[in-house]
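The values are calculated or read from the model by the stated rules, or taken from the named source; none is laboratory data. The structure presented is a predicted model; accordingly, all values stated were derived computationally and were not measured. In this analysis, Cβ positions are derived from the backbone assuming ideal geometry, glycine residues included, and neighbour counts consider all displayed protein chains. Heavy atoms of the whole protein, side chains included, go into the accessibility calculation; ligands, DNA and RNA do not. Shrake-Rupley method; radii C 1.70, N 1.55, O 1.52, S 1.80 Å.
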Amino acid sequence: MDNPRRAAILGCMTYDCDIIIVGGGLNGGALALALGGAGFSVTLIDALPLATRKMPGFDGRSYALALTSTRLLDAIGVWDRLADDAQPMLDIKVTDGRAGTGPSPFFMHFDHAEIEEGPMGHMVEDRHLRRALLDALAAAPNVTQTNGQTVVDQTVDATGVTVMLGSGRYLRAKLLVGSDGRGSGTAARARITRTGWDYDQTALVCAVAHELPHNGVAHQFFMPPGPLAILPLTGNRSSIVWSERAETAARIDALDDDAYLEVLRPRFGSFLGEISLVGARHTYPLSLSLTTALVADRVALVGDAAHGVHPIAGQGLNAGLRDVAALAEVVTDAARRGEDIGTAGVLARYQTWRRFDNTALALATDAFNRLFSNDNPLLRLGRDIGMGLVGRLPALRRGFIREAAGLTGDLPRLLRGQKL
(Lines give C-alpha, C1' and ligand atoms only; values in the text may rest on other atoms or scores of the structure.)
Protein backbone atom coordinates (compact mmCIF):
# COMPACT_ATOMS: atom_id res chain seq x y z
CA MET A 1 0.00 0.00 0.00
CA ASP A 2 3.01 2.30 0.53
CA ASN A 3 4.45 1.56 -2.92
CA PRO A 4 5.19 5.02 -4.48
CA ARG A 5 4.50 3.52 -7.97
CA ARG A 6 0.99 2.39 -6.94
CA ALA A 7 -0.77 5.30 -8.72
CA ALA A 8 1.12 4.65 -11.94
CA ILE A 9 0.40 0.93 -11.74
CA LEU A 10 -3.31 1.50 -11.16
CA GLY A 11 -3.38 4.04 -13.99
CA CYS A 12 -1.97 1.46 -16.38
CA MET A 13 -4.66 -0.99 -15.33
CA THR A 14 -7.54 1.46 -15.89
CA TYR A 15 -9.39 0.88 -19.13
CA ASP A 16 -11.92 2.92 -21.08
CA CYS A 17 -13.26 -0.35 -22.51
CA ASP A 18 -12.24 -3.96 -22.99
CA ILE A 19 -11.66 -3.79 -26.76
CA ILE A 20 -11.08 -0.99 -29.26
CA ILE A 21 -11.95 -1.69 -32.91
CA VAL A 22 -10.53 0.66 -35.55
CA GLY A 23 -12.72 0.69 -38.66
CA GLY A 24 -16.50 0.71 -38.42
CA GLY A 25 -17.24 -0.94 -41.76
CA LEU A 26 -18.93 -4.27 -42.26
CA ASN A 27 -16.38 -6.47 -40.51
CA GLY A 28 -15.69 -4.00 -37.73
CA GLY A 29 -19.40 -3.48 -37.06
CA ALA A 30 -20.10 -7.21 -37.02
CA LEU A 31 -17.21 -7.82 -34.62
CA ALA A 32 -18.40 -5.04 -32.29
CA LEU A 33 -21.87 -6.61 -32.15
CA ALA A 34 -20.49 -10.11 -31.55
CA LEU A 35 -18.17 -8.98 -28.75
CA GLY A 36 -20.72 -6.62 -27.23
CA GLY A 37 -23.26 -9.44 -27.20
CA ALA A 38 -20.74 -11.61 -25.34
CA GLY A 39 -20.50 -9.01 -22.56
CA PHE A 40 -17.38 -7.04 -23.55
CA SER A 41 -17.35 -3.27 -23.55
CA VAL A 42 -16.34 -2.15 -27.05
CA THR A 43 -15.38 1.18 -28.59
CA LEU A 44 -15.78 1.29 -32.38
CA ILE A 45 -13.83 4.07 -34.10
CA ASP A 46 -14.53 5.13 -37.69
CA ALA A 47 -13.09 7.99 -39.71
CA LEU A 48 -16.38 8.77 -41.46
CA PRO A 49 -19.16 10.82 -39.86
CA LEU A 50 -22.23 8.78 -38.95
CA ALA A 51 -24.43 10.71 -41.38
CA THR A 52 -22.16 9.68 -44.27
CA ARG A 53 -22.22 6.04 -43.21
CA LYS A 54 -26.04 6.14 -43.07
CA MET A 55 -26.55 7.50 -46.60
CA PRO A 56 -29.49 5.48 -48.00
CA GLY A 57 -28.95 5.76 -51.77
CA PHE A 58 -28.11 2.74 -53.92
CA ASP A 59 -24.56 3.10 -55.20
CA GLY A 60 -24.37 -0.18 -57.12
CA ARG A 61 -22.30 -2.12 -54.58
CA SER A 62 -23.54 -5.52 -53.36
CA TYR A 63 -22.16 -8.58 -51.59
CA ALA A 64 -22.53 -12.34 -51.98
CA LEU A 65 -23.06 -13.60 -48.44
CA ALA A 66 -22.41 -17.31 -47.95
CA LEU A 67 -24.91 -19.32 -45.92
CA THR A 68 -22.60 -19.33 -42.90
CA SER A 69 -22.25 -15.53 -43.08
CA THR A 70 -26.02 -15.14 -42.90
CA ARG A 71 -25.97 -17.42 -39.84
CA LEU A 72 -23.47 -15.11 -38.17
CA LEU A 73 -25.58 -12.06 -38.97
CA ASP A 74 -28.58 -13.83 -37.48
CA ALA A 75 -26.66 -14.73 -34.32
CA ILE A 76 -25.60 -11.10 -33.74
CA GLY A 77 -29.10 -9.71 -34.33
CA VAL A 78 -28.69 -8.25 -37.83
CA TRP A 79 -30.32 -10.70 -40.23
CA ASP A 80 -33.92 -9.97 -39.21
CA ARG A 81 -33.30 -6.33 -40.16
CA LEU A 82 -31.92 -7.40 -43.54
CA ALA A 83 -33.72 -10.55 -44.71
CA ASP A 84 -36.52 -8.80 -46.61
CA ASP A 85 -33.95 -6.99 -48.78
CA ALA A 86 -31.81 -10.07 -49.48
CA GLN A 87 -31.99 -12.22 -52.63
CA PRO A 88 -31.37 -15.99 -52.19
CA MET A 89 -28.80 -17.53 -54.54
CA LEU A 90 -30.32 -20.83 -55.58
CA ASP A 91 -28.03 -21.88 -58.43
CA ILE A 92 -24.54 -21.00 -59.67
CA LYS A 93 -23.60 -21.49 -63.32
CA VAL A 94 -19.92 -21.27 -64.33
CA THR A 95 -18.96 -21.00 -68.00
CA ASP A 96 -15.94 -20.14 -70.13
CA GLY A 97 -15.79 -18.26 -73.44
CA ARG A 98 -15.22 -14.99 -75.24
CA ALA A 99 -17.25 -11.80 -75.38
CA GLY A 100 -19.80 -11.89 -78.18
CA THR A 101 -19.27 -15.57 -79.08
CA GLY A 102 -21.23 -17.19 -76.26
CA PRO A 103 -20.07 -19.67 -73.63
CA SER A 104 -18.28 -22.97 -74.10
CA PRO A 105 -20.51 -26.10 -74.16
CA PHE A 106 -18.61 -27.27 -71.05
CA PHE A 107 -19.88 -25.70 -67.82
CA MET A 108 -20.49 -26.25 -64.11
CA HIS A 109 -23.95 -26.00 -62.57
CA PHE A 110 -24.37 -25.93 -58.80
CA ASP A 111 -27.92 -26.36 -57.48
CA HIS A 112 -28.71 -25.56 -53.84
CA ALA A 113 -31.13 -28.52 -53.76
CA GLU A 114 -28.09 -30.83 -53.61
CA ILE A 115 -27.41 -29.78 -50.01
CA GLU A 116 -29.83 -29.90 -47.10
CA GLU A 117 -29.07 -26.55 -45.50
CA GLY A 118 -30.93 -24.31 -47.98
CA PRO A 119 -29.73 -21.55 -50.35
CA MET A 120 -25.95 -21.37 -50.80
CA GLY A 121 -26.11 -17.73 -49.85
CA HIS A 122 -27.82 -14.39 -50.39
CA MET A 123 -27.04 -11.25 -52.35
CA VAL A 124 -27.42 -8.05 -50.32
CA GLU A 125 -26.89 -4.44 -51.32
CA ASP A 126 -24.28 -2.47 -49.41
CA ARG A 127 -26.82 0.17 -48.38
CA HIS A 128 -29.11 -2.41 -46.74
CA LEU A 129 -26.34 -4.34 -44.97
CA ARG A 130 -24.66 -1.17 -43.72
CA ARG A 131 -27.94 0.27 -42.45
CA ALA A 132 -28.86 -2.98 -40.67
CA LEU A 133 -25.47 -3.06 -38.92
CA LEU A 134 -25.69 0.60 -37.91
CA ASP A 135 -29.21 0.15 -36.52
CA ALA A 136 -28.09 -2.88 -34.52
CA LEU A 137 -25.01 -1.01 -33.24
CA ALA A 138 -27.15 1.94 -32.13
CA ALA A 139 -29.21 -0.47 -30.02
CA ALA A 140 -26.22 -2.38 -28.58
CA PRO A 141 -25.73 -1.42 -24.90
CA ASN A 142 -22.06 -2.46 -24.70
CA VAL A 143 -20.87 -0.70 -27.89
CA THR A 144 -19.75 2.94 -28.02
CA GLN A 145 -19.31 4.45 -31.48
CA THR A 146 -16.77 7.19 -32.08
CA ASN A 147 -17.41 8.60 -35.55
CA GLY A 148 -15.46 11.12 -37.60
CA GLN A 149 -12.23 10.30 -35.77
CA THR A 150 -8.96 8.71 -36.84
CA VAL A 151 -6.34 6.91 -34.77
CA VAL A 152 -2.96 8.60 -35.17
CA ASP A 153 -0.90 6.63 -32.64
CA GLN A 154 -0.97 3.44 -30.59
CA THR A 155 1.27 2.22 -27.77
CA VAL A 156 1.36 -1.13 -26.03
CA ASP A 157 2.52 -2.04 -22.54
CA ALA A 158 2.31 -5.11 -20.34
CA THR A 159 -1.33 -4.60 -19.36
CA GLY A 160 -3.00 -2.85 -22.28
CA VAL A 161 -2.94 -0.74 -25.42
CA THR A 162 -3.51 3.01 -25.68
CA VAL A 163 -4.58 4.82 -28.85
CA MET A 164 -4.49 8.53 -29.55
CA LEU A 165 -7.18 10.06 -31.75
CA GLY A 166 -6.67 12.95 -34.14
CA SER A 167 -8.59 15.11 -31.66
CA GLY A 168 -5.89 14.47 -29.05
CA ARG A 169 -8.12 12.18 -26.97
CA TYR A 170 -6.63 8.97 -25.55
CA LEU A 171 -8.43 5.65 -25.15
CA ARG A 172 -7.12 2.54 -23.40
CA ALA A 173 -8.20 -1.10 -23.70
CA LYS A 174 -6.93 -4.64 -23.24
CA LEU A 175 -7.04 -5.42 -26.98
CA LEU A 176 -6.90 -3.39 -30.19
CA VAL A 177 -8.45 -4.80 -33.40
CA GLY A 178 -7.63 -3.39 -36.82
CA SER A 179 -10.53 -3.56 -39.27
CA ASP A 180 -9.34 -0.56 -41.24
CA GLY A 181 -8.79 -1.96 -44.72
CA ARG A 182 -5.83 -2.89 -46.89
CA GLY A 183 -3.97 0.28 -45.98
CA SER A 184 -4.46 -0.50 -42.29
CA GLY A 185 -2.83 2.06 -40.05
CA THR A 186 -3.34 -0.31 -37.14
CA ALA A 187 -1.20 -2.94 -38.85
CA ALA A 188 1.46 -0.43 -39.90
CA ARG A 189 1.79 0.99 -36.38
CA ALA A 190 2.11 -2.57 -35.05
CA ARG A 191 4.88 -3.12 -37.65
CA ILE A 192 2.96 -5.88 -39.41
CA THR A 193 4.03 -5.91 -43.04
CA ARG A 194 2.19 -7.05 -46.18
CA THR A 195 3.11 -9.13 -49.19
CA GLY A 196 1.34 -9.57 -52.51
CA TRP A 197 1.18 -8.47 -56.12
CA ASP A 198 -0.88 -6.51 -58.59
CA TYR A 199 -2.97 -8.31 -61.24
CA ASP A 200 -2.98 -5.48 -63.79
CA GLN A 201 -6.75 -5.92 -63.71
CA THR A 202 -9.52 -3.57 -62.66
CA ALA A 203 -13.00 -4.55 -61.50
CA LEU A 204 -15.83 -2.58 -63.10
CA VAL A 205 -18.74 -2.73 -60.66
CA CYS A 206 -22.33 -1.72 -61.34
CA ALA A 207 -25.90 -2.96 -61.19
CA VAL A 208 -28.35 -3.49 -64.05
CA ALA A 209 -32.08 -3.88 -64.42
CA HIS A 210 -33.23 -6.50 -66.95
CA GLU A 211 -36.47 -7.53 -68.62
CA LEU A 212 -36.55 -11.20 -67.58
CA PRO A 213 -36.35 -12.75 -64.09
CA HIS A 214 -33.03 -14.20 -62.97
CA ASN A 215 -34.71 -16.92 -60.86
CA GLY A 216 -32.03 -16.61 -58.19
CA VAL A 217 -29.25 -17.88 -60.49
CA ALA A 218 -25.72 -16.47 -60.20
CA HIS A 219 -23.50 -16.60 -63.29
CA GLN A 220 -19.71 -16.55 -63.52
CA PHE A 221 -18.46 -16.15 -67.10
CA PHE A 222 -14.68 -16.50 -67.58
CA MET A 223 -13.20 -14.49 -70.45
CA PRO A 224 -9.53 -14.00 -71.42
CA PRO A 225 -9.20 -10.48 -69.88
CA GLY A 226 -10.93 -11.55 -66.64
CA PRO A 227 -14.18 -12.95 -65.19
CA LEU A 228 -17.66 -11.43 -65.37
CA ALA A 229 -19.98 -12.17 -62.45
CA ILE A 230 -23.75 -11.62 -62.84
CA LEU A 231 -25.26 -11.90 -59.38
CA PRO A 232 -29.02 -11.77 -58.63
CA LEU A 233 -30.50 -8.90 -56.64
CA THR A 234 -34.10 -8.46 -55.55
CA GLY A 235 -36.53 -7.86 -58.40
CA ASN A 236 -35.35 -7.97 -62.00
CA ARG A 237 -31.90 -6.60 -61.14
CA SER A 238 -28.38 -8.05 -61.02
CA SER A 239 -25.04 -6.95 -59.63
CA ILE A 240 -22.13 -6.92 -62.10
CA VAL A 241 -18.48 -7.44 -61.17
CA TRP A 242 -16.56 -7.32 -64.43
CA SER A 243 -12.75 -7.65 -64.58
CA GLU A 244 -10.71 -6.22 -67.43
CA ARG A 245 -7.09 -5.37 -68.03
CA ALA A 246 -6.36 -2.10 -66.23
CA GLU A 247 -5.78 -0.06 -69.39
CA THR A 248 -8.96 -1.37 -71.04
CA ALA A 249 -11.00 -0.82 -67.88
CA ALA A 250 -9.87 2.81 -67.69
CA ARG A 251 -11.11 3.41 -71.25
CA ILE A 252 -14.44 1.72 -70.52
CA ASP A 253 -14.94 3.62 -67.27
CA ALA A 254 -14.41 6.91 -69.11
CA LEU A 255 -17.41 6.21 -71.38
CA ASP A 256 -20.85 7.64 -70.75
CA ASP A 257 -23.58 5.26 -69.58
CA ASP A 258 -24.92 4.44 -73.04
CA ALA A 259 -21.48 3.63 -74.44
CA TYR A 260 -20.63 1.67 -71.30
CA LEU A 261 -23.71 -0.51 -71.82
CA GLU A 262 -22.75 -1.09 -75.46
CA VAL A 263 -19.47 -2.60 -74.25
CA LEU A 264 -21.17 -4.64 -71.53
CA ARG A 265 -23.98 -6.10 -73.66
CA PRO A 266 -21.92 -8.59 -75.74
CA ARG A 267 -20.29 -9.82 -72.54
CA PHE A 268 -23.58 -10.01 -70.62
CA GLY A 269 -25.55 -11.65 -73.43
CA SER A 270 -29.29 -11.54 -74.09
CA PHE A 271 -30.51 -14.30 -71.77
CA LEU A 272 -32.15 -11.75 -69.41
CA GLY A 273 -33.45 -9.48 -72.16
CA GLU A 274 -32.63 -5.80 -72.48
CA ILE A 275 -30.50 -4.27 -69.70
CA SER A 276 -30.12 -0.77 -68.24
CA LEU A 277 -27.85 0.69 -65.56
CA VAL A 278 -29.16 1.16 -62.01
CA GLY A 279 -27.22 3.24 -59.48
CA ALA A 280 -23.61 4.34 -59.69
CA ARG A 281 -20.61 2.74 -61.42
CA HIS A 282 -17.35 1.97 -59.61
CA THR A 283 -13.88 0.66 -60.40
CA TYR A 284 -11.45 -1.15 -58.11
CA PRO A 285 -7.83 -2.08 -58.93
CA LEU A 286 -7.30 -5.79 -58.26
CA SER A 287 -4.40 -7.24 -56.33
CA LEU A 288 -3.52 -9.93 -53.82
CA SER A 289 -2.42 -8.73 -50.39
CA LEU A 290 -1.63 -10.75 -47.26
CA THR A 291 -0.15 -9.58 -43.98
CA THR A 292 2.86 -11.46 -42.66
CA ALA A 293 0.97 -11.95 -39.37
CA LEU A 294 -2.59 -11.59 -38.10
CA VAL A 295 -1.53 -10.51 -34.62
CA ALA A 296 1.06 -8.46 -32.74
CA ASP A 297 1.37 -7.39 -29.10
CA ARG A 298 -2.24 -6.78 -28.00
CA VAL A 299 -3.27 -6.25 -31.65
CA ALA A 300 -5.35 -8.45 -33.99
CA LEU A 301 -6.37 -7.86 -37.60
CA VAL A 302 -9.58 -8.89 -39.38
CA GLY A 303 -10.95 -8.58 -42.91
CA ASP A 304 -9.12 -6.52 -45.52
CA ALA A 305 -6.71 -5.26 -42.88
CA ALA A 306 -5.37 -8.84 -42.86
CA HIS A 307 -5.99 -10.08 -46.40
CA GLY A 308 -7.25 -8.91 -49.76
CA VAL A 309 -8.07 -11.40 -52.51
CA HIS A 310 -9.30 -11.36 -56.10
CA PRO A 311 -13.13 -11.11 -56.26
CA ILE A 312 -13.27 -14.11 -58.61
CA ALA A 313 -15.24 -16.19 -56.09
CA GLY A 314 -16.92 -13.34 -54.20
CA GLN A 315 -15.36 -14.50 -50.93
CA GLY A 316 -13.74 -11.31 -49.63
CA LEU A 317 -16.43 -10.32 -47.14
CA ASN A 318 -17.12 -13.93 -46.20
CA ALA A 319 -13.45 -14.41 -45.31
CA GLY A 320 -13.61 -11.29 -43.16
CA LEU A 321 -16.69 -12.55 -41.33
CA ARG A 322 -14.88 -15.85 -40.70
CA ASP A 323 -12.14 -13.79 -39.05
CA VAL A 324 -14.79 -12.01 -36.98
CA ALA A 325 -16.38 -15.27 -35.82
CA ALA A 326 -13.04 -16.89 -34.94
CA LEU A 327 -11.63 -13.88 -33.07
CA ALA A 328 -14.86 -13.33 -31.13
CA GLU A 329 -14.91 -17.00 -30.07
CA VAL A 330 -11.23 -17.09 -29.07
CA VAL A 331 -11.51 -13.90 -27.01
CA THR A 332 -14.80 -14.91 -25.38
CA ASP A 333 -13.56 -18.36 -24.38
CA ALA A 334 -10.32 -16.88 -23.03
CA ALA A 335 -12.20 -14.39 -20.86
CA ARG A 336 -14.40 -17.15 -19.46
CA ARG A 337 -11.25 -19.00 -18.43
CA GLY A 338 -9.99 -15.89 -16.66
CA GLU A 339 -7.24 -15.14 -19.19
CA ASP A 340 -6.04 -11.70 -20.24
CA ILE A 341 -7.62 -11.42 -23.70
CA GLY A 342 -4.77 -9.39 -25.18
CA THR A 343 -1.89 -11.72 -24.38
CA ALA A 344 0.23 -13.44 -27.01
CA GLY A 345 -1.00 -16.91 -26.08
CA VAL A 346 -4.65 -15.96 -26.62
CA LEU A 347 -4.05 -14.14 -29.89
CA ALA A 348 -1.89 -16.99 -31.20
CA ARG A 349 -4.99 -19.23 -31.13
CA TYR A 350 -6.78 -16.80 -33.44
CA GLN A 351 -3.84 -16.64 -35.82
CA THR A 352 -3.48 -20.43 -35.90
CA TRP A 353 -7.18 -20.81 -36.66
CA ARG A 354 -7.36 -18.32 -39.48
CA ARG A 355 -3.90 -18.17 -41.06
CA PHE A 356 -4.10 -21.31 -43.18
CA ASP A 357 -7.65 -20.64 -44.40
CA ASN A 358 -6.83 -17.06 -45.45
CA THR A 359 -3.66 -18.11 -47.25
CA ALA A 360 -5.41 -21.02 -48.99
CA LEU A 361 -8.20 -18.72 -50.20
CA ALA A 362 -5.71 -16.18 -51.53
CA LEU A 363 -3.74 -18.82 -53.40
CA ALA A 364 -6.89 -20.50 -54.76
CA THR A 365 -8.34 -17.25 -56.13
CA ASP A 366 -4.94 -16.36 -57.56
CA ALA A 367 -4.65 -19.75 -59.29
CA PHE A 368 -8.20 -19.56 -60.70
CA ASN A 369 -7.58 -16.08 -62.05
CA ARG A 370 -4.32 -17.12 -63.74
CA LEU A 371 -5.89 -20.31 -65.13
CA PHE A 372 -8.97 -18.64 -66.61
CA SER A 373 -7.82 -15.08 -67.44
CA ASN A 374 -5.96 -16.03 -70.60
CA ASP A 375 -6.63 -17.32 -74.12
CA ASN A 376 -4.09 -20.15 -74.22
CA PRO A 377 -5.75 -22.93 -76.28
CA LEU A 378 -4.24 -25.77 -74.24
CA LEU A 379 -5.31 -24.22 -70.94
CA ARG A 380 -8.75 -23.48 -72.40
CA LEU A 381 -9.17 -27.12 -73.41
CA GLY A 382 -7.98 -28.37 -70.04
CA ARG A 383 -10.23 -26.10 -67.99
CA ASP A 384 -13.28 -26.80 -70.19
CA ILE A 385 -12.79 -30.55 -69.78
CA GLY A 386 -12.30 -30.02 -66.04
CA MET A 387 -15.53 -28.06 -65.72
CA GLY A 388 -17.36 -30.74 -67.68
CA LEU A 389 -16.07 -33.46 -65.34
CA VAL A 390 -16.99 -31.53 -62.19
CA GLY A 391 -20.48 -30.99 -63.59
CA ARG A 392 -20.92 -34.74 -64.05
CA LEU A 393 -19.52 -35.99 -60.70
CA PRO A 394 -22.15 -35.53 -57.95
CA ALA A 395 -19.77 -35.95 -54.99
CA LEU A 396 -17.29 -33.40 -56.35
CA ARG A 397 -20.10 -31.06 -57.32
CA ARG A 398 -21.58 -31.20 -53.79
CA GLY A 399 -18.13 -30.44 -52.40
CA PHE A 400 -17.98 -27.25 -54.46
CA ILE A 401 -21.50 -26.30 -53.35
CA ARG A 402 -20.63 -26.77 -49.68
CA GLU A 403 -17.47 -24.71 -50.18
CA ALA A 404 -19.47 -21.90 -51.80
CA ALA A 405 -21.92 -22.00 -48.89
CA GLY A 406 -19.04 -21.73 -46.40
CA LEU A 407 -19.85 -25.07 -44.80
CA THR A 408 -16.37 -26.60 -44.93
CA GLY A 409 -13.53 -26.43 -42.43
CA ASP A 410 -13.46 -25.82 -38.67
CA LEU A 411 -16.39 -23.45 -38.25
CA PRO A 412 -16.66 -21.08 -35.27
CA ARG A 413 -19.92 -21.18 -33.32
CA LEU A 414 -21.29 -17.99 -34.88
CA LEU A 415 -20.95 -19.49 -38.38
CA ARG A 416 -22.96 -22.48 -37.18
CA GLY A 417 -25.69 -20.08 -36.07
CA GLN A 418 -24.89 -20.51 -32.35
CA LYS A 419 -24.40 -17.86 -29.70
CA LEU A 420 -21.00 -17.24 -28.19
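For the range 67-74, in order, what is each residue's ³J(HN,Hα) by Karplus, 6.51 cos²θ - 1.76 cosθ + 1.60 with θ = phi - 60°, in whole Hz (x at glycine and Pro)?
Result, ordered by residue: 3, 5, 5, 5, 5, 4, 4, 5 Hz.
Taking the Cβ-Cβ separation of Val152 and Ser276 as r and a Förster radius of 51 Å, what is the calculated FRET efficiency to the nearest 0.05?
Between Val152 and Ser276 the formula returns 0.70.
Of all beta bridges DSSP finds with both residues in the range 200-247, what is the antiparallel percent, to the nearest 5?
Details: 20 of 20 bridges.
Roughly 100 percent of the beta bridges in the range 200-247 run antiparallel, per DSSP.
Take the alpha carbon atoms of the range 264-308, find their center, do the same for the range 34-91, and report the distance between the two centers in whole angstrom.
About 17 Å separates the Cα centre of the range 264-308 from the one of the range 34-91.
Under a 1.4 angstrom probe, counting protein chains only, how are Leu137, Leu420 ranked by accessible area, largest first?
Ranked list, largest accessible area first: Leu420, Leu137.
Using modelled amide H (1.01 Å from N, peptide plane; none on Pro or chain starts), what sits under 5 Å from the amide H of Arg61, excluding residues fewer than 5 places away?
Placed amide hydrogens put Asp126 under 5 Å from Arg61.
Quick one: Karplus J couplings for the range 277-284, per residue in order, coefficients 6.51, -1.76, 1.60, θ = phi - 60°, nearest Hz, x for Gly and Pro?
Taking θ as phi minus 60°, the curve returns 6, 10, x, 8, 10, 9, 10, 9 Hz for the range 277-284.
Give me, ordered by chain and number, the residues 5 or more places off Gln201 or on other chains with an amide H under 5 Å from its own placed amide H.
Here the answer is Ala246, Leu286, since their amide H atoms fall under 5 Å of that of Gln201.
Would you kindly state how much longer the chain becomes between Thr408 and Ala138 on full extension, computed as 0.36 nm times their sequence separation minus their alpha carbon distance, in nm to one decimal?
So the extension gain works out to 93.9 nm.
From Cα pairs below 8 angstrom and at least 6 apart in sequence, can you work out the relative contact order of the range 198-283, rounded to a whole percent? Show your work: numbers first, answer last.
Details: 153 pairs, mean separation 35.8, N = 86.
Reported as a whole number, the value is 42 percent.
Between Pro232, Pro377, Pro285, where does the largest GNM mean-square fluctuation fall for the chain, given springs only between Cα atoms within less than 10 Å?
Maximum fluctuation in the GNM of the chain, among the listed residues, is at Pro377.
To the nearest 10 square angstrom, how much accessible area does Glu125 have with a 1.4 angstrom probe?
Glu125 exposes around 0 Å² with every protein chain in place.
What percent does the relative contact order of the chain come to when contacts are Cα pairs within less than 8 Å and at least six residues apart? Spell out each step's value before the answer.
Working: 870 pairs, mean separation 93.4, N = 420.
With pairs under 8 Å counted, the relative contact order is 22 percent.
If you take every DSSP beta bridge fully contained in the chain, what fraction is antiparallel? Give it as a percent rounded to 5. Before the final figure, lay out each step's value.
Numbers: 62 of 84 bridges.
Among the beta bridges of the chain, antiparallel pairing accounts for roughly 75 percent.
I need to check one value: relative contact order of the range 104-202, counting alpha carbon pairs closer than 8 Å and at least 6 residues apart, in percent. Mind showing how you got there, number by number?
On the way: 59 pairs, mean separation 12.0, N = 99.
Relative contact order here is 12 percent.
Summing -39500 (n - 2.57) over the DSSP H runs of n ≥ 4 in the chain and dividing by its residue number, what mean residue ellipticity at 222 nm do you reach, to the nearest 500 deg cm²/dmol?
Details: 13 runs with 151 residues, N = 420.
Computed ellipticity for the chain at 222 nm equals -11000 deg cm²/dmol.
Using a 1.4 angstrom probe and counting only protein chains, how large is the accessible area of His109 in Å², to 10?
In the full protein context, His109 sits at about 60 Å².
What residues have an amide H closer than 5 Å to that of Gly181, excluding those fewer than 5 places away on the same chain, when H is modeled at 1.01 Å from N in the peptide plane?
Amide H neighbours of Gly181, under 5 Å, 5+ apart: Asp304, Ala305.
Which of the aspartates and glutamates could a cross-linker bridge to Lys174, judged by Cα under 18 Å and excluding same-chain residues fewer than eight apart?
Asp16, Asp18, Asp153, Asp157, Asp297, Glu329, Asp333, Glu339, Asp340
Put Asp135, Asp323 in order of accessible area, largest first, 1.4 Å probe: what do you get? Walk me through the numbers before you get to the answer.
Details: Asp135 70, Asp323 0 Å².
The ranking, largest first, comes out as Asp135, Asp323.
With a Förster radius of 35 Å, plug the Cβ-Cβ distance of Leu212 and Arg398 into 1/(1 + (r/R0)^6) and report the FRET value to the nearest 0.05. List each step's numbers first, then the result.
Numbers: r = 29 Å, r/R0 = 0.83.
For R0 = 35 Å, the calculated efficiency reads 0.75.
Quick one: ranking Trp242, Trp353 by accessible area, 1.4 Å probe, largest first, what do you get?
Values: Trp242 0, Trp353 60 Å².
Listed by decreasing accessible area, they come as Trp353, Trp242.
Which ³J(HN,Hα) values, rounded to whole Hz and listed in residue order, are derived for the range 326-331 from phi using the Karplus coefficients 6.51, -1.76 and 1.60 in 6.51 cos²θ - 1.76 cosθ + 1.60 with θ = phi - 60°, glycine and proline given as x?
Per-residue couplings from phi come out as 5, 5, 4, 5, 4, 5 Hz.
The list [x] 1.00; [y] 0.93; [z] 1.04 gives values of Rg/Rh (Cα atoms, Kirkwood Rh), and only one came from this structure; which label was calculated from it?
[x]
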